[in-house]
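Quick notes on the structure that follows.
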Amino acid sequence: MKKILFTLFIIYGFGLNAQRTDYDWKKMDPKQRKEVINNLSPEERKELLTKFRNNMVMDNLNIDPGDKAEFTAVYNEYLESQKQIKSQFDPNFNPETLSDEEAKLKLQQSFEVGQKLLDNRKKYADKMQQVIPCQKVLKLFQSEGMMRDKMNERKPHGKTSKNRQNP
């Protein structure tokens, strides 16, 4: 899934000029782009991916230029917070091999993590509304859901999708 997200962000990002580099992503063929990206350090790759994602969100929401820096900071903080919460749940298990007690515990844990994610989303929705209108926050969350659905459609149907359980 990370590879698919990375690819989507990179494809979108090719239409943008990376400020840190002099690369003209539009004029590069896919092989050249891949080579440039592979030559970046992991930190540079992460930075480039973050920049592409942020630019995509800003364009999609049509954020006012004066609000971009503040919104980007809150948005990145939100994503990091969500990631932190998700890391509290290990989805790599086979429910069929769990005892009843282990399964109940895992189920309860998934509910707790899901509730934390929801609470965190509400908290950041309030923070974002101090920067952008409520309609744009709603659009952001809606697009997150659509992106997640699109990723799930592309996920290969095999042993990993059967055994993975997400909160």
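Numerical summary
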{"item": "Hey, V74 surrounded by 12 or more Cβ atoms within 10 Å (Cβ to Cβ), touching a Pro at 6+ places or on another chain (Cβ under 8 Å), assigned to a helix (DSSP H, G or I) and of a type in the set (V, I, T) or not", "result": "no"}
{"item": "Segment 122-166 - residue that is of a type in the set (S, T, N, Q) and modelled with pLDDT of 95 or more and, of those, farthest from A69 (Cα to Cα)", "result": "Q135"}
{"item": "Filter pass, G66 being at pLDDT 95 or above, among the small types (G, A, S) and out of contact with any strand residue (DSSP E or B) (no Cβ under 8 Å at 6 or more places or on another chain)", "result": "no"}
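The values are calculated or read from the model by the stated rules, or taken from the named source; none is laboratory data. None of the values given here were measured: they were computed from a predicted structure. With ideal geometry, Cβ positions are generated from the backbone for all residues, glycine too; neighbour counts draw on all protein chains shown.
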